[in-house]
1. Output yes when any residue across segment 65-80 is farther than 17 Å from I200 by Cα and part of a strand (DSSP E or B), and no when none is.
2. If we only count strands (runs of 3 or more DSSP E) wholly inside segment 147-211, which ones have 3 or more residues that are under 29 Å from S60 (Cα atoms) and modelled with pLDDT of 95 or more?
3. Could you run through segment 158-183 and say how many residues are in contact (Cβ under 8 Å) with a residue 24 or more places away in the chain, at negative phi and exposed (fewer than 13 other Cβ atoms within 10 Å of the Cβ)?
4. Looking at the structure I just gave you, is E142 touching a residue at least 12 places away in the same chain (Cβ under 8 Å), part of a strand (DSSP E or B) and of a type in the set (D, E)?
5. Is there any pair with a first residue in segment 34-62 that is touching a residue at least 40 places away in the same chain (Cβ under 8 Å) and of a type in the set (D, E) and a second that is part of a strand (DSSP E or B) and surrounded by 16 or more Cβ atoms within 10 Å (Cβ to Cβ) whose Cβ atoms are under 8 Å apart and which are 6 or more apart or on different chains, and what are they?
6. For segment 35-57, does any single residue satisfy the condition of being in contact with a Cys (Cβ under 7 Å, 6 or more places away or on another chain) and either of a type in the set (A, V, I, L, M, F, W, C) or assigned to a strand (DSSP E or B) (or both)?
7. Hey, among the residues in segment 96-109 that are over 15 Å from the mean Cα position of the chain (by Cα) and in a loop (DSSP other than H, G, I, E, B), which one's surrounded by the fewest Cβ atoms within 10 Å (Cβ to Cβ)?
8. Only one residue in R92, R125 is modelled with pLDDT of 95 or more, assigned to a loop (DSSP other than H, G, I, E, B) and basic (K, R), so which one is that?
Amino acid sequence: MKYIGALLLLAANVALAQDSEITNSLPRAREMSVALFNQKDFTGWTFCMKDNADAMATWSVTNGTIHCTGKPTGYLRTTQVYSNYFLTVVWRFVKIAPKADNTGILVHIQPPDKVWPECVQVQGRHDHQGDIFLMAGAESKEHKGKDANTPIPLSGDSVENPVGEWNTAETACQNGKVISFINSKFVNETSDCTINSGFIGIQSEGGEFEIRTIAYCPLKY
């Protein structure tokens, strides 16, 4: 009986160790999910738009959904700083066109606000969701030696749903790693990031899109 109990304890410790460090599997050990978007308004969020453009001409909330026209460029970001978390964004393109098919999820945004800030971007561009950009001086192990406009590409083919259908973009940020999952499938990761905490944001960059969920889970570590 003692031997069986020891085995069970060992198994539990192994499971906890797996949960405490994210891998290319969706993490299991999370605390209660917290909604960052209340489906009513932009409480808890602020904006940075190119040339100080009117953010309300670009961003709106209707029927519990954020709508972004994609023009002009800029971003919506949290007013609170986050680190070590699992982020879920459920979004879809309303329509796309040449040079009007882009957005992105920004994590670890550093002040000052500008277009574009120092951060890590999980690409939202159509057919490229999950590419990872290191922006405005941010760096990582896998990106070193690459041009600032060159992303860490997807590990395989795009797993994005067709335009008009909802996609679930999940991003795990922990201990210098940023790992991207699209529609529950691992697509990309980077490690040894030079920034590990900051604001969370969504880009306006040409594509017209909607968001119905933005939520995060603090990761145990």
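The values are calculated or read from the model by the stated rules, or taken from the named source; none is laboratory data. What you are looking at is a predicted structure, and each value in this text was computed from that prediction instead of being measured. Here Cβ is always computed from backbone atoms with ideal geometry, including for glycine, and neighbour counts include all displayed protein chains.
1. Applying the first criterion (farther than 17 Å from I200 by Cα) to segment 65-80 yields 65, 67, 69-72.
Imposing the further condition that a residue be part of a strand (DSSP E or B) reduces the set to 65, 67.
There is at least one residue in segment 65-80 that is farther than 17 Å from I200 by Cα and part of a strand (DSSP E or B).
2. Details: elements: 167-174, 177-182, 185-190, 197-204.
Result: 167-174, 177-182, 197-204.
3. Residues flagged as in contact (Cβ under 8 Å) with a residue 24 or more places away in the chain, at negative phi and exposed (fewer than 13 other Cβ atoms within 10 Å of the Cβ) within segment 158-183 amount to 1.
4. Numbers: touching a residue at least 12 places away in the same chain (Cβ under 8 Å): yes; part of a strand (DSSP E or B): no; of a type in the set (D, E): yes.
Taking the combined requirement at face value, the residue does not satisfy it.
5. Going by the 8 Å Cβ cut-off, there are no qualifying pairs.
6. Let us first name the residues in segment 35-57 that are in contact with a Cys (Cβ under 7 Å, 6 or more places away or on another chain), namely none.
No; the residues of segment 35-57 include none that is in contact with a Cys (Cβ under 7 Å, 6 or more places away or on another chain) and either of a type in the set (A, V, I, L, M, F, W, C) or assigned to a strand (DSSP E or B) (or both).
7. Here is the first cut: in segment 96-109, the residues over 15 Å from the mean Cα position of the chain (by Cα) are 96-101.
After this cut, where a residue has to be in a loop (DSSP other than H, G, I, E, B) as well, the list is 96, 98-99, 101.
On the way: I96: 19, P98: 6, K99: 9, D101: 21.
So the residue we want is P98.
8. Just a single option satisfies the conditions, and that option is R125.
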